[in-house]
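**Student:** What follows is a single structure, and I will ask about it in a moment.
The values are calculated or read from the model by the stated rules, or taken from the named source; none is laboratory data. Every value quoted in this text rests on a predicted model; they were computed, and no experiment measured them. So basically every Cβ, Gly included, is an ideal-geometry build from the backbone, and we count neighbours across all protein chains shown.
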Amino acid sequence: MPDPNCYAYATKYADRLDPGQFSGGRAKSNSVAAIRAAVLRDGLILCPVQNALPPALAGHYIVACRRASANTYDYHWFRREGVDSWSHKPGTGVVRSSDASGEAITDTVNAPHTASYNFTQFFTGKNAALLPMAQQQGWAIDYDEFVGYFYCPDEGLKMRKGCTIL
C-alpha cells in the first residue's frame, strides 16, 4: 500500500518521493540551492515572494519547504490549505495540521519546526549510519532553515515522459 512522505503529500503524489524524482534525478545535496533546483526541474514554480506569504496563482496551490541544516539529507514539506492553515505529513505518519508544539500551522516560516517523530523506518540502507545520531538527539530533527515557497499545479505534479521512480 502506498505511503507518501512529506514531498509526495505536498505534491499530491501517491507514494514516497524525493525532490528531483519527477524529473529523473534526486537533489544532489541538502543545500537550499540543490533542493530548489530539483523541485523546479520537477515542475514546481518558485514563488516571487519569499519573505511573506506569496499571492495566489490561478491553477496552483502553495507549498513550503524547510530543511535540516545539521542533517546530511533531510527536509520537510507543507501544503497550504485554505486561507490560514497548512498541513504536512511527517514521514510515514498521518497528515497533520499542527506544528511540533501542537498548535495549528498558520506560518511555515515562524512556526516551531523541530520534529520529534520516530523515524526508525527511515534509518535503513544508506541512512543506517544516521540512526545513532537520531537516537542521541531524542529523534528530534530541527528543520531550521526555510527553503522557500513554491506553486504546485492544482492537480499535483505528474511524472515526466521517460522518468521512473526508483
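**Student:** Which pairs do you get when a residue that is assigned to a loop (DSSP other than H, G, I, E, B), found in region 47-63, comes within reach of a residue that is modelled with pLDDT under 95 and of a type in the set (Gly, Ala, Ser), reach meaning Cβ atoms under 6 angstrom, with the pair 6+ apart or on two chains?
**Tutor:** Sorted first by the residue in region 47-63, then by its partner, the pairs are Gln50/Gly148.
**Student:** Name the one entry in Ser101, Ser116 that is more than 21 Å from Asp18 (Cα to Cα), modelled with pLDDT under 85 and among the hydroxyl-bearing types (Ser, Thr, Tyr).
**Tutor:** Ser101
**Student:** So is Tyr13 surrounded by 14 or more Cβ atoms within 10 Å (Cβ to Cβ) and not in a strand (DSSP E or B) or not?
**Tutor:** yes
**Student:** Follow-up question, since we're still on this one. Output the residues belonging to region 75-89 that are buried (at least 19 other Cβ atoms within 10 Å of the Cβ) and either touching a strand residue (DSSP E or B) at 6+ places or on another chain (Cβ under 6 Å) or over 20 Å from Tyr13 (Cβ atoms) (or both).
**Tutor:** Correct list: Tyr75, His76, Trp77, Phe78, Arg79, Arg80, Trp86, His88.
**Student:** Moving to a separate point now. Give the residue, chosen from Val32, Val49, Val63, that is crowded, with 22+ Cβ neighbours inside 10 Å and not basic (Lys, Arg).
**Tutor:** Val63
**Student:** Here's something else I'd like to know. Can you tell me which residues in region 93-110 are closer than 16 Å to Asn5 by Cα and in a loop (DSSP other than H, G, I, E, B)?
**Tutor:** Gly93, Val94, Val95, Ser97
**Student:** Those residues that are within 14 Å of the chain's Cα centre (by Cα) and of a type in the set (A, V, I, L, M), I need them from region 54-93; list them, please.
**Tutor:** Ile62, Val63, Ala64, Ala68
**Student:** When you go through (1) touching a Gly at 6+ places or on another chain (Cβ under 9 Å); (2) not in a loop (DSSP other than H, G, I, E, B) one by one for Ala33, which number turns out not to apply?
**Tutor:** Among (1) touching a Gly at 6+ places or on another chain (Cβ under 9 Å); (2) not in a loop (DSSP other than H, G, I, E, B), Ala33 violates only (1).
**Student:** Further question on the same structure: Test Tyr7 against the criterion of being in a helix (DSSP H, G or I) and surrounded by 15 or more Cβ atoms within 10 Å (Cβ to Cβ), and give yes or no.
**Tutor:** yes
**Student:** Also, I was wondering about something else. Only one of (1) of a type outside the set (Val, Ile, Thr); (2) on the phi < 0 side of the Ramachandran plot; (3) buried (at least 19 other Cβ atoms within 10 Å of the Cβ); (4) in contact with a helix residue (DSSP H, G or I) (Cβ under 7 Å, 6 or more places away or on another chain) is not met by Gly20, so which one is it?
**Tutor:** Evaluating Gly20 over (1) of a type outside the set (Val, Ile, Thr); (2) on the phi < 0 side of the Ramachandran plot; (3) buried (at least 19 other Cβ atoms within 10 Å of the Cβ); (4) in contact with a helix residue (DSSP H, G or I) (Cβ under 7 Å, 6 or more places away or on another chain) leaves (2) as the failure.
**Student:** How many residues does region 35-46 contain that are over 13 Å from Glu145 (Cα atoms) and either loosely packed, with under 14 Cβ neighbours inside 10 Å or not charged (D, E, K, R) (or both)?
**Tutor:** Residues in region 35-46 being over 13 Å from Glu145 (Cα atoms) and either loosely packed, with under 14 Cβ neighbours inside 10 Å or not charged (D, E, K, R) (or both): 8 in total.
**Student:** Go through the residues of region 22-37 one by one and say whether even a single one is among the β-branched types (Val, Ile, Thr), more than 13 Å from the chain's Cα centre (by Cα) and within 23 Å of Asp154 (Cβ to Cβ).
**Tutor:** For region 22-37, residues among the β-branched types (Val, Ile, Thr), more than 13 Å from the chain's Cα centre (by Cα) and within 23 Å of Asp154 (Cβ to Cβ): absent.
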